[in-house]
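Data first, discussion second: the structure below is written as structure tokens.
Every read-out reported here was derived from the displayed coordinates using simple, explicitly stated rules and does not represent laboratory data. All of these numbers come straight from a predicted model, not from anything done at the bench. Every residue, glycine as well, gets a Cβ built from its backbone with ideal geometry; the counts of neighbours run over all protein chains shown.
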Amino acid sequence: MRSNPAAQRTAFSRWLLRWASAINHMRCTRFRLFVLFLMLLSSTVILAQPYQGPIIDAHGHLGASFNWEIMVEAMDRNNVTQRTVMARYYPGGIGDLPGSDEDAVRLAERYPGRFFPLVGMQRPLLTGSHKWQSPDREVDRLVEETERKLASGRYFGIGEFIVRHWSYSPGAHAEQENPIYSAFMQRTSAIAARFEVPMVIHMEGYPALVGDFSRLLAEYPNVRFVWAHSCGRSKAPVIRGMLARHPNLFCDLAQMTNVGTTGYGIGWPRMEEFTALIEQDGALFPDMKALYEEFPDRFMLGMDVAHASGNTPQNYSRRVSRFRELLGQLKPETAKKFAETNAIRVFKLGGTITR
Ligand SMILES: [Zn+2]
């Protein structure tokens, strides 16, 4: 653990004062300026300490092969108090079996106050854009089931809807190209409005899709839409335009940390002309930082562990630690909103467990 930051600051101020008086006695102006520059530099580094408060992971998943104890251990180690859970129904291979909403509810019951299930939408039955345009019997049943599950009061939202997804593995469901403005999305949006729950959407930010999403957002102003992965990895001006136009739009920064060998934050599995990263070597890009301060109420964090192989404390810690570094570069009140407050409000979570 770090020593008390307040004590650190007091010691630092004393040190500053000593130097200030020493500099007063200096004759050479150029040397004085140089020392002042060094002091300014070191004070900036000290101010940009990593964020220390509790964090809510607003983009979590579950498969049947996930070890629950490891999930909790990874959270505890990193002071992550709460986590949303979106069951991944897609197959993931022998050691990574598909999950279910029922599993997500059981996990939430096993660890009260820690996990918040959403009705999962990463489902093989939704592969095929025609099913989104004109839902078949199977999709109809899913919509009805979603209504029943929300009526039970055990779910905090719907998602993750896989609208436009770039393949990072072989398989029938790896590459997805579905319409955001479609009968399926309209029906689920109407249900979300009725139950007052948010919808989490994965959609790489193709300009045509962004336009279509605008129509959906305008048509369902009472639904809170969470556009995952830094609003489909869009560039700052696109995100700014969408947030300004649509008060019901939110962004999560799931997997946007530039760490490791996979993850959207390193431009994996690919990048396009319209995509952007948010940081490099732990420093937020200035346009993203400005955007965050401009819209402090609209962003959330997420670790996005979607496969059993990624469910390790090491992987989790690496992502959380980087988020802490990035939050340290924002105003303290903005950082707290990103870390906790926005997720509590958008997902209507009970509040933070103080640890
Ligand atoms: Zn996603």
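Any idea which of Val85, Pro50, Gly171 is furthest toward the positive side of the dipole for the chain, if Lys and Arg beta-carbons carry +1 and Asp and Glu beta-carbons -1?
Ranked along the dipole, the leading option is Pro50.
Note down the net charge around Asp136, summing +1 for each Lys or Arg and -1 for each Asp or Glu among other residues with Cβ under 14 Å from its Cβ. The partial results should precede the final answer.
Working: positive: Arg123, Lys131, Arg137, Arg141, Arg187; negative: Glu138, Asp140, Glu144.
Around Asp136, the charge tally is +2.
Ser100 to Tyr168: FRET efficiency via 1/(1 + (r/R0)^6), r the Cβ-Cβ distance, R0 25 Å, to the nearest 0.05?
0.65
Order of 269-275, 179-185 by packing, highest average Cβ count within 10 Å first?
On the way: 269-275: 12.9, 179-185: 20.1.
Order by mean packing, descending: 179-185, 269-275.
Rg(Cα) of the stretch 222-355 divided by 2.2 N^0.38 Å?
Working: Rg = 14.3 Å, N = 134, 2.2 N^0.38 = 14.1 Å.
Here the Cα radius of gyration is 1.01 times the empirical estimate.
How big is the dipole moment of the chain about its Cα centre under a simple scheme where the beta carbon of each Lys and Arg is +1, that of each Asp and Glu is -1, and everything else is neutral? Debye, nearest 20, please.
Working: 42 positive and 35 negative charges, 341 e Å.
Dipole size: approximately 1640 debye.
Let's test the formula: R0 of 35 Å, r as the Cβ-Cβ distance of Arg270 and Trp68. What FRET efficiency results, to the nearest 0.05?
Details: r = 33 Å, r/R0 = 0.93.
Plugging the Cβ-Cβ distance into 1/(1 + (r/R0)^6) gives 0.60.
Quick check: Cα centre of the stretch 111-176 to Cα centre of the stretch 265-327, how many Å?
One Cα centre to the other: 24 Å.
Straight-line reach from Lys149: which lysines have a Cα under 18 Å away, not including same-chain ones fewer than 8 places off?
Qualifying lysines at Cα under 18 Å: Lys348.
With just the Cα atoms of the stretch 75-157, tell me how far they stretch along each of the three principal axes, in Å, largest first.
Principal-axis extents of the Cα atoms in the stretch 75-157, largest first: 45, 33, 17 Å.
For the stretch 293-355, what is the convex hull volume of its Cα atoms per residue in Å³? Can you show the working numbers first?
Values: hull volume 7.0 nm³, N = 63.
For the stretch 293-355, the hull spanned by Cα atoms encloses 111 Å³ per residue.
Could you work out how much longer the chain between Ala218 and Asp76 gets when fully extended? Use 0.36 nm per residue separation minus the Cα distance between them, nm to one decimal. It would help to have the intermediate numbers written out before the result.
Working: separation 142, 0.36 × 142 = 51.12 nm, distance 3.94 nm.
Result: 47.2 nm gained on full extension.
Calculate, in whole percent, how much of the Cα-Cα pair population of the chain lies beyond 25 Å.
Numbers: 33967 of 62835 pairs.
Across the chain, Cα pairs with separations above 25 Å total 54 percent.
Label points 7 Å out from Cα along the Cβ direction at Gln49 and Glu147: separation in nm?
Simple spin-label model gives 5.3 nm for this pair.
5 Å is the cut-off here: which amide hydrogens, built 1.01 Å from N in the peptide plane, fall below it relative to Ala254, excluding neighbours closer than 5 in sequence?
Amide H to amide H, under 5 Å and 5 or more residues apart or across chains, Ala254 pairs with His229, Ser230, Gly302.
DSSP beta bridges in the chain, what fraction antiparallel, as a percent rounded to 5? Numbers along the way, then the final one.
Numbers: 5 of 29 bridges.
Once the DSSP bridges in the chain are tallied, antiparallel ones form about 15 percent.
Tell me the net charge near Gln314. Cut-off is 12 Å between Cβ atoms, Gln314 excluded, with +1 for each Lys or Arg and -1 for each Asp or Glu. Could you put the intermediate results ahead of the total?
On the way: positive: Arg77, Arg318, Arg319; negative: Glu73.
Its environment carries a net charge of +2.
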